[in-house]
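The values are calculated or read from the model by the stated rules, or taken from the named source; none is laboratory data. Small disclaimer: the values here were computed from a predicted structure and weren't measured. Glycine also receives a Cβ, built like all others from the backbone with ideal geometry; neighbour counts cover every protein chain displayed.
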Amino acid sequence: MRYGRLDHLGRPTEQRVQVEAVIYDQVEDNDEIVQYNVVPKYAGTNPIPHEIHFTAYGNKGFTFTYILENPAAYVRTGV
């Protein structure tokens, strides 16, 4: 996944891993085909997303939505 919260070493945060695990488990444990979308949401001209929206739908009725807040979103970088 390209978007999502990363720690200082560039690895996914534990919260993001847990969100993705819900979707992964549905595919793995229930043999369900899942369409999975991740959309970053930006505030103004800040290049860092303030939220990441996760949405998933499965062919056997699975639905999942989650909004991951980004506490670093309002930290400006030298852009």
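Residue selection: residue 57 fails the criterion of being aromatic (Phe, Trp, Tyr) and at pLDDT below 90.
Conditions (1) touching a residue at least 60 places away in the same chain (Cβ under 8 Å); (2) part of a strand (DSSP E or B), marked per residue:
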| position | (1), (2) |
| --- | --- |
| 16 | no, no |
| 37 | no, yes |
| 55 | no, yes |
| 60 | no, no |
| 68 | yes, yes |
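If we scan segment 22-35, do we find a residue that is surrounded by 12 or more Cβ atoms within 10 Å (Cβ to Cβ), at pLDDT 90 or above and in a strand (DSSP E or B)? Within segment 22-35 (the criterion being surrounded by 12 or more Cβ atoms within 10 Å (Cβ to Cβ), at pLDDT 90 or above and in a strand (DSSP E or B)), the answer is yes, since at least one residue qualifies.
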